[in-house]
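Heads up, the thing below is written out as structure tokens.
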Number of protein chains: 2
Amino acid sequence: MTTTKDIAAQLNLSVSTVGRALADDQRISAETKFRVQQAAEELGYVGNRAARLMRGERSTVIGLVVPDVGNSFYSTVAHALAETMNAHKRQVMLCETGDDRQAELRHVRDLAAAQVAGVVIVPTPKPLTAVARLLKTMPHVQLVRRVPSLGPHWFGVDDRTVIHTATSHLLELGHERIGYIGGTRDIPTATKRLAGYSEALAAAGLSSDPGLVQLGPPSSASHGAAAVRALRAAPDPPTAVVAGSLQITRGVLDALHQDGTQVPRQLSVVGFGDEPGFSWWGPGLTTVALPVHALATACGVWLLHRLEAQTGSGSVDEPFASVSPGTLVLRGSTAAPGSASGTTRRRQKPETPRRPPGSERLTDLPA
Amino acid sequence: MTTTKDIAAQLNLSVSTVGRALADDQRISAETKFRVQQAAEELGYVGNRAARLMRGERSTVIGLVVPDVGNSFYSTVAHALAETMNAHKRQVMLCETGDDRQAELRHVRDLAAAQVAGVVIVPTPKPLTAVARLLKTMPHVQLVRRVPSLGPHWFGVDDRTVIHTATSHLLELGHERIGYIGGTRDIPTATKRLAGYSEALAAAGLSSDPGLVQLGPPSSASHGAAAVRALRAAPDPPTAVVAGSLQITRGVLDALHQDGTQVPRQLSVVGFGDEPGFSWWGPGLTTVALPVHALATACGVWLLHRLEAQTGSGSVDEPFASVSPGTLVLRGSTAAPGSASGTTRRRQKPETPRRPPGSERLTDLPA
DNA sequence: CTGAAAGCGCTAACAC
DNA sequence: GTGTTAGCGCTTTCAG
């Protein structure tokens, strides 16, 4: 590795002159600057970030802590953040927790050791207290999931409303036995979603039947598959189901496809999140689309703003939270229970598409 | 930020004693060690990586340079690598190029400045020469795409064979007019894939009709959509198409779904890569599955091995290249041209699934 | 067993 | 316009 010293030696200059020349300092003669640039290029000089960091310069690295980038939800987040940070000459350090608290702690500790400028974190359900302590020492925002102990700054979706809307849609179609497949109650997000479901039922004057609720790991497609089969196999099966996470949706779709279940005739389905392929599934999946990319971008921009503001007057530290409503995308997987259309219509008959292309209806949710 | 100095002051010790205690050095008394550990915990001490780096310690960070993590192909790569590095207490720095050479250079320069231990890179089509120069100074491997100027180490798939097999499958079914939708020739990978297509045709004694080949940006779904529509609209349209990239496959599927094209009756389709959802598309997509996760993991493991070997005798630097064959997954989207089954069979009739679940045939390709 | 000192690469005072 | 010096936090001689 070439250093400023090397290039100083080669040109018979002092290191400081070289440093100043590279920093384009006013008081260095144009000629010296040129010679230095030349030599630097020639020797393949690359400034040493570690040294600069030690001198107190702020790092340009942002930590991103997510459960799993393999999950397309989080890969979208990673992409959006990388994009945003890239535009501001910053780097992203990728950390996967696999929803394991120990792994989360290790990563946050590493980020602290690396002196990162800031952190965007999708926390595990119940982070260790050490994580909270460490995060206090660096600017950070929570994304999607929100754990109060980690701080007030958060960007996410309105989970309660999202599932409420999904459930209400089915209620409006006339369904009375609506199943819900979601994450376990230890995850705050999952609790809110479950509440949205229950409240929608309550608002319609229906009592919620515990037999219609299946909770399990939210990041597991197999939970979704098993749960929808369990619901269908029950003595008094639901006429519709709401999926409470992206992976659960995947599992449900796979199971129904494999079992040859007729949707929406035998069962109406509302998904969570909108992925490439959800529109081709059976009659097209009615689902709640979430503005993941926009959310992550907003989160990144906010963090950047905070970092820059912090450099000046350190007063822009007021708690901030942002919620995005989802968007209900109406496709073919939902219909009135036992409806005529559901029984007579051939599912996905290619000659006569149910709707012309691009005619999907989008319904904005109330904030 | 607490430093060793702070904790030394608090305990009336010297920094060196504290350092040794934290490093669990032999010659420090158990009691002193304990007190130091205590104080460190209490003050929330986190070792400063930058300082250690300056002392010549190797970084634990690995750079990952990809076109776009939003692309599920690369998000799988990122996941696999994060997982692998995580298991070895290493971090991953995520860099997106968007297939832009300037962005690629900036990122590689940043990685060099950060003194990363190694780099896994999916290079842009024609990297700037500065990128090659920089990469020479650090251990690196190319992934998927291969550019000779960047070095000999590479992990990828056998692109030629993959598309050759896809094409041969259609030829065996009796197709004679087979379209190919791929990436432009400036991308090495795309060139090899095109060669696989041409060679398969040649081997069957068919001359390749330039009108059946549509080249464009490989990461653009809209290219795939436009291309398949163009092929179908041509005076003498193909009876089958092969898609030459993941995003192209997505575009093709979307277009055919929107247009209500009957697959495989009107057109047989072979995809590239296997994604969640490809099995539900229409009659199920016949496609070439690629072992992306395994490939990226192998790549990561190799790099780790190299890094550790390098510490000892620096002789394990022999060129290495690994190719993985794909796996042809046979589903419903391919059939003989104008075949009886294609014309009479109802597409994806749910009551009687074409095949029982899990009965997809997998065909291993020859290496 | 512990302390003092040097130095990694860089920059910001402080000379001249 | 350029050189000298000091010090960021840590490890690692070399002395006690």
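Every read-out reported here was derived from the displayed coordinates using simple, explicitly stated rules and does not represent laboratory data. As the structure is a computational prediction, the values presented were derived from the model and not from experiment. Note: ideal-geometry Cβ built from the backbone for every residue, glycine included; neighbour counts use all protein chains shown.
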Exercise. Find the relative contact order for region A:4-47 and round it to a whole percent, using C-alpha pairs within less than 8 Å whose residues are 6+ positions apart.
Key: 38
Quiz item: With springs only between Cα atoms under 10 Å, which of A:Asp99, A:Asp68, A:Asp24 fluctuates most in a Gaussian network model of chain A?
Solution: A:Asp24
Practice problem: Quick one: angle between helix B:188-203 and the longest Cα principal axis of chain B, in degrees between 0 and 90, rounded to 10, please. | Solution: 30
Exercise. Report, in debye and to the nearest 20, how large the dipole of region A:4-47 comes out about its Cα centre when Lys and Arg carry +1 and Asp and Glu carry -1 on their Cβ.
Key: 160
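Using a Förster distance of 56 Å, how high is the FRET efficiency between A:Asp209 and B:Gln37, based on the Cβ-Cβ distance and rounded to 0.05?
For R0 = 56 Å, the calculated efficiency reads 0.55.
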Quiz item: For chain A, with only Lys/Arg (+1) and Asp/Glu (-1) charged at the beta-carbon, what is the dipole magnitude about the Cα centre, in debye rounded to 20?
Solution: 100
Practice problem: State, as an integer percentage, the relative contact order of region A:24-145 based on alpha-carbon contacts under 8 Å between residues 6 or more apart. | Solution: 26
Self-check item: Solution diffusion estimate, µm²/s, Stokes-Einstein, the protein assembly as shown, Kirkwood Rh from C-alpha pairs, 10 °C, viscosity 1.306 mPa s
Solution: 56
Quiz item: So what's the angle, to the nearest 10 degrees on a 0 to 90 scale, between helix A:30-43 and the longest Cα principal axis of chain A?
Solution: 60
Quiz item: Magnitude of the Cβ-charge dipole of the protein assembly as shown, K/R +1 and D/E -1, about the Cα centre, nearest 20 debye?
Solution: 20
Practice problem: Determine the percent antiparallel among the DSSP beta bridges restricted to region A:1-136, to the nearest 5. | Solution: 0
Quiz prompt | Inter-copy spacing of B:Ala23 label points, which lie 7 Å from Cα along Cα→Cβ, given in nm from shortest upward | solution = 3.1
Self-check item: Contour excess over end-to-end distance, with Cα ends at A:Met54 and A:Gln258 and 0.36 nm allotted per residue
Solution: 67.6 nm
Self-check item: Value at 222 nm in deg cm²/dmol, rounded to 500, when DSSP H runs of n ≥ 4 in the protein assembly as shown each add -39,500 (n - 2.57)
Solution: -13000 deg cm²/dmol
Quiz item: Where both partners of a DSSP beta bridge lie in chain B, what percent of those bridges are antiparallel, to the nearest 5?
Solution: 20
Quiz item: Using a label position 7 Å from Cα in the Cα→Cβ direction, what is the ascending list of nm distances from B:Ala233 to the same site in the other copies?
Solution: 5.1
Quiz item: In percent, how large is the relative contact order of chain A, given Cα pairs closer than 8 Å and 6 or more residues apart?
Solution: 14
Practice problem: Return the percentage of antiparallel bridges among DSSP beta bridges fully within the protein assembly as shown, rounded to the nearest 5 %. | Solution: 20
Self-check item: Normalised convex hull volume, region B:4-47, alpha-carbon set, Å³ per residue
Solution: 58
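Just want the ordering: B:Ile28, B:Ile248, B:Ile7, from fewest to most Cβ atoms lying within 10 Å of their own Cβ.
In order of increasing Cβ crowding within 10 Å: B:Ile28, B:Ile7, B:Ile248.
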Quiz prompt | At 0.890 mPa s and 25 °C, Stokes D of chain A from Kirkwood alpha-carbon radius, µm² per second | solution = 105
Practice problem: Please give the FRET efficiency for A:Thr184 paired with A:Glu308, using the beta carbon to beta carbon distance and R0 = 45 Å, rounded to the nearest 0.05. | Solution: 0.70
Self-check item: Quarter of Cα convex hull surface for region A:49-202, i.e. mean projection, nm²
Solution: 10.5
Quiz item: Top mean-square fluctuation among B:Val15, B:Val66, B:Val119, Gaussian network model of chain B, C-alpha springs under 10 Å?
Solution: B:Val15
Quiz item: With a Cα-only, solvent-free Debye model of region B:75-134, what are the log10 I(q)/I(0) values at q = 0.19, 0.26, 0.27 Å⁻¹?
Solution: -0.73, -1.14, -1.18
Practice problem: Provide an ascending nm list, one decimal, of label-point separations from B:Ala309 to the equivalent residue in each further copy; define each label point as 7 Å from Cα along Cα→Cβ. | Solution: 5.2
Exercise. Count neighbours as other Cβ atoms within 10 Å of each site's Cβ, and list the GluC sites (Glu not before Pro) in region A:43-114 that are DSSP loop with at most 15 such neighbours.
Key: A:Glu57
Quiz item: Roughly how many nanometres apart are two label points built 7 Å out from the Cα toward the Cβ at A:Ala9 and A:Ala132?
Solution: 5.3
Practice problem: Take chain A, connect every pair of alpha-carbon atoms lying under 10 Å apart with a spring to form a Gaussian network, then pick out the residue of A:Ala200, A:Ala335, A:Ala294 with the largest mean-square fluctuation. | Solution: A:Ala294
Quiz item: Helix A:101-113 versus the longest principal axis of chain A: what angle, 0 to 90°, nearest 10, using Cα atoms?
Solution: 20
